[in-house]
Structures are given as C-alpha cells and as structure tokens.
Amino acid sequence: MTKKIQQIQVRTRIAPSPTGPAHIGTARTALFNYLFAKQNNGKFILRIEDTDKERSEQKWTDEIIEELKWLGISWDEGPDISGEFEPYKQSQRLDIYKKYLEQLLIEEKAYYCFCTEEELEAKRQEQMGRGLAPKYDGKCTHLSKEIVDKNIAEGKSSVIRFKVQNKKVKFDDLIRGQVEFDASLLGDVVIAKNLSSPLYHFAVVVDDFLMQISHVIRGEEHLSNTPRQILIQEALGFYKPIYAHLPLMLNLDKSKMSKRQGDVAISDYHKNGYLPEALINFMVLLGWNPGTDKEMFTLAHLVKEFSIEKVQKAGAVFNVQRLDFLNGLYIREKAIDKLTELCIPYLKESGLLVEGQFSQNKLQEIVEVSRTRMKKLSEISSLSDFFFSNKLIYDKDLLQWQKAEDEAIKESLMFSRNILLENKTWELKDLETELFTGAEKFNLQKGYPEKNKGYLLWPLRVALSGKSTSPSPFEIAYILGKEKTLKLVDEAIKIIS
RNA sequence: GGCCCCAUCGUCUAGCCUGGUCUAGGACGCGUGCUUUUCAAGCAUAAAACUCGGGUUCAAAUCCCGAUGGGGCCA
C-alpha cells in the first residue's frame, strides 16, 4: 500500500519557523542539506513552517531569506516571483493538510479529543507521582460520532489526536545507524488544533511527502520526534524518507546553543562582520571533516568534498575563537577592493567616514594596513580611527620610549620631522628606508644602541596614531600625506615641550 | 522522571568500520623563540587527550558488555 518514492532524485529541505531571528543552527542545517543535494545533482528546498499564526511573522521569513542569500545558500524551487524562487509556506497550504486530516479522521486513525488542559495536567501529575512517563491515556479514543458532533456543535474546545500504535519503530539514520523507539511509550499525539490548524509534526510529514523529499537532514533535537512522524507517514500510506540527524552545535558548557551564552542569530554574525565564507567554513567543520589536514574550503569545494558518512555523531562546541581565526584568515585573503567595500559601512556607521572625505584608493590603503589586525570587519573602525580625525588625543607619556627623557623625545620627533620634510617622493618605500636609516643615525648621534630603532620610530608612530598599537609610522605617514603628517608631528612636539 | 543519542588534547577533530605501522596526527587557543619601533601577521617550537571497569585476543583508542558522565526529546 505504501506509496513509493516517485523519483530517485535527491531532494532535501530545511523547514525553519519564522518565529524569531534566523538561527545559526538553521544556517548549518541548511548548509548540510544544500551540500548533500548539490553533490547528488539534487534539489534543495526552503519551506517556511508558519502554521503557528500567533508567533509567525513575515519579517522573520524575510530575515531567513536574506541571511541564506548572504551565506550564498540558494534554494531550487518555490513560487516564482519576479524571476526568483519564493520559499514554500505552510500557511498557504492549509487546504492540503485539511484533506489529510479528514482522511485520518474518517479512517479512525485520528480522533477528536475534548479533554481540558486542567484534566490533562492532573493526569500528568498523577502519572509522574507514580513514577511513570506522562502520556495521554486515550480517554477520547472511542467517543461516538454523536457525542463528537454534539460537542463540536456546542463549541467545546478540542484538538485532533493521532492514534499511536503500540509497536517498535525502527529506522536507519545515515549518521547514527539503526535507531529504535518503543512507540507504546509515546501516547496519542496532538496533530492539529482543528482541521485548519495543523501542528508541526503533521504538516512536516505531509509536506515532505508531497514535496518528494528524499533525505531529511536535520538537527539531532529531532531524533526523538522521528518515530511519531514515521507512524503518521505509515497511517497516511506515505513512503519513508532517509533520515540523517546532525550533531548539535553547543555552548561552551556543552548544552544546546542558546541566546544566553552568545550570539545565535545569523544576523548577529553578519552584523559583527564575519564573512559568509568564513562562517560556512567554520560551520561545516563543526561535525564534519574530510579526513585530511585540509581546513579551508569554499562552498564549491565543499559540494565536491563533503560526505555525509563522515559526519560526526557527537555534538560540537561552537568555539568563537576558532571562527575569529578563520575570519581573520579570510579577511587577509580577500581582494582589497572587495574588503574595502565591506568595511565602508562600518566606517560610516561609526561616524568616522564622511561621504567624499577619502578617495576609494585612500580607503583601500587604510584597509590594507589594518587588515592583519582584523578578526571581524567591525573592528576596522577602532583600528583605523586616527586616519579620520584631525586631532589626536593621547597622553604625553605615551610618546616615551624606554625611559627616554622628554627632551630626548622632542629631539627624536624633530629628527623625524626633518626626514619627513626633506622627503621628496612620499613613496612608502622611500619613507621606510629613510626613517630606518635615520633611526640608526639618530641612535649613533645620541649614543643609543644602534639596533634599537624605537628611539626614533616609537614617538613618531604615537604622534601619528595616538595609540600604543598601530601600523608602522611610515605606513601611516604615507597614507596621511606630507602636510597632515608634519602637522601631527608638530602637535606632538608641542605636547612634549 | 521516561525514552533516545553521544564519549580521543581546554576546543574542533584524524585514527575506530577492516585490532598490530599510535611513542595517538593536524588545527584553534595558550606558552616560548625568531622577525620586529608597537600590536598584529608570518615562521619555528613546547605543553596538552584515548572517561572508568570488565571481557575477547598473542595484541584494543579501535571489537563486546557494564558503569559513569554529558546532551536531546517528551511533559
């Protein structure tokens, strides 16, 4: 009787609920589904599970779409709106669920239940008091049609329950092997509030069948939901998809990733300035690796190299330090014009960059000298702020290098000033060699150790950046230009005097 | 509480299926050194793990059983 899968094409899906910010877990599940589909020439589908009318909001659906696009994970089907696929939405498919709900009711595989919340709660307490697992006792299973009709006519509140058979449910999980549950422990589950309000467990099963999903790849939190979904499939005569339950992404304390212990919204990572390629690379390594020492992967590489058999069973801690490292790696590798484009919004947002203040070229130079220090794009502002302000505020003591006297620091700055003033080309290379040889000359003159170039370079760098850490003085000077550089050195001389 | 899943350095993991080549490999992080005006980056280098107990076997990180621990789901 079971309807066979009609095609052998691989079809995967993710089914997020739009009830809050798009979750990082959704991103990773999407990634694995996408990779598996693509490497098998299959299709990846996005289906919005918005049957919960109270909690679902369009803005969250929009966010899911936006963030998946940002990550470069595209889906292959859906209503075609202006040349792009919209995701499927369960809220637009209520008639379909109704039909299947009616079928189950007619076949007496499901029934109306009129038990009140209070009744149920009391039973639960009683069962738990006796040390039993709470489960519905089946009170309404055999209500006659007359009573059901009467209750409904009277407007008594009700739900639709699915008759769970007392049997063992076995299935093969691509990642975990064979898993077995005893369904007799489950109790009859609520599958709908009414004919036009199906619940998650029911809608998923119907949609996965109608959308001909071949592989259900999802988080491990759904593992124990699987048997009841299989039972519903069987009752409806649907084929059983192949399951793969992914290990969870964990907090530092190994609990399921949660908001309380860090960022969980994809948009948080997006806004903080992580690159999508870094996030993808990081996430895929959480639970999978190719078995070689290779650690950097593009999405395209992954489509080739990913294999679901190599996915880990144990949960993986979402270790932000490693993400930061990878992000830094990608930032250092990014083409400078692209990286600059990505940094500009952050510079504007922090109020540093005013439209038209710098040429594109200048901005690229600023980003170039800052990038080795960047872990996230958002850090560009604090790393490069001195390029944008006209006056630097810093403590006089910061100018001091290794206990040098104020007078000596002043001499050092004047020495630098002279070198800068004499410079003809204002090329980075020239500035560097002139300042380096100048530093040695200065040390010789003052009787400082020859190699300790800090006597000349440190005060200069502070004068130009106002900071204890920054790019080198020649890099800053080069970007700043002669006029501004000299002005800043003069100011430093004033401060030290 | 019931059921299910899981278990190698602090973290991500290789190795496990097909026992010996494991003195357990790589990466992040941490430490040190080199480079260096600073901080990064880069390079080099150290420390750091098979949860425990039984069993099988000539031999177990690897196979089996149990315990412990962690997690998830249900309520």
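The values are calculated or read from the model by the stated rules, or taken from the named source; none is laboratory data. Small disclaimer: the values here were computed from a predicted structure and weren't measured. When we count neighbours, we look across all protein chains shown, and the Cβ atoms used for this are built from the backbone with ideal geometry, even at glycine.
Here are a few things to note about the model shown:
- Count - residues of region A:274-307 that are among the acidic types (Asp, Glu), surrounded by fewer than 16 Cβ atoms within 10 Å (Cβ to Cβ) and more than 28 Å from A:Glu379 (Cβ to Cβ): 1
- Comparison of A:Asp149, A:Asp172 shows that the only residue that is closer than 30 Å to A:His245 by Cβ, surrounded by fewer than 16 Cβ atoms within 10 Å (Cβ to Cβ) and of a type in the set (Asp, Glu) is A:Asp172.
- Pairs with Cβ under 6 Å, 6+ apart, first in region A:30-50 and within 16 Å of A:Ser91 (Cβ to Cβ), second among the small types (Gly, Ala, Ser): A:Arg47/A:Ala15; A:Glu49/A:Ala15; A:Glu49/A:Ser17; A:Asp50/A:Ser56; A:Asp50/A:Ser91
- Lone unmet requirement of (1) closer than 25 Å to A:Glu221 by Cα; (2) surrounded by fewer than 12 Cβ atoms within 10 Å (Cβ to Cβ); (3) not aliphatic (A, V, I, L, M) for A:Gln360: (1)
- Residues in region A:302-327 that are part of a loop (DSSP other than H, G, I, E, B) and over 12 Å from A:Phe32 (Cβ atoms): A:Lys313, A:Ala314, A:Gly315, A:Phe318, A:Asn319.
- Index of the failed condition, A:Gly138 passing every other in (1) farther than 17 Å from A:Ile230 by Cβ; (2) modelled with pLDDT of 85 or more; (3) surrounded by 12 or more Cβ atoms within 10 Å (Cβ to Cβ): (2)
- Among the residues listed as A:Ile336, A:Ile393, the single one being surrounded by fewer than 17 Cβ atoms within 10 Å (Cβ to Cβ), of a type outside the set (Asp, Glu) and touching an Asp or Glu at 6+ places or on another chain (Cβ under 8 Å): A:Ile336
- Of the residues making up region A:105-127, those that are of a type in the set (S, T, N, Q) and over 22 Å from A:Lys145 (Cβ atoms) number 2.
- Residue match in region A:316-339 (condition: out of contact with any strand residue (DSSP E or B) (no Cβ under 9 Å at 6 or more places or on another chain), away from RNA strand B (no atom under 15 Å from the Cβ) and touching a residue at least 60 places away in the same chain (Cβ under 8 Å)): no
- In region A:422-493, counting only helices (runs of 4 or more DSSP H) that sit wholly within it, the ones holding 3 or more residues that are touching a residue at least 12 places away in the same chain (Cβ under 8 Å) and surrounded by fewer than 21 Cβ atoms within 10 Å (Cβ to Cβ) span A:428-446.
- Considered as a group, the residues in region A:318-333 that are crowded, with 16+ Cβ neighbours inside 10 Å and of a type in the set (A, V, I, L, M, F, W, C) include one that is farthest from A:Leu286 (Cα to Cα), and that residue is A:Ile331.
- Segments classed as strands (runs of 3 or more DSSP E), wholly inside region A:1-113, with at least 1 members that are among the β-branched types (Val, Ile, Thr), in contact with a helix residue (DSSP H, G or I) (Cβ under 6 Å, 6 or more places away or on another chain) and modelled with pLDDT of 95 or more: A:11-14, A:43-48
- Options A:Leu444, A:Leu488; residue that is modelled with pLDDT of 95 or more and hydrophobic (A, V, I, L, M, F, W, C): A:Leu488
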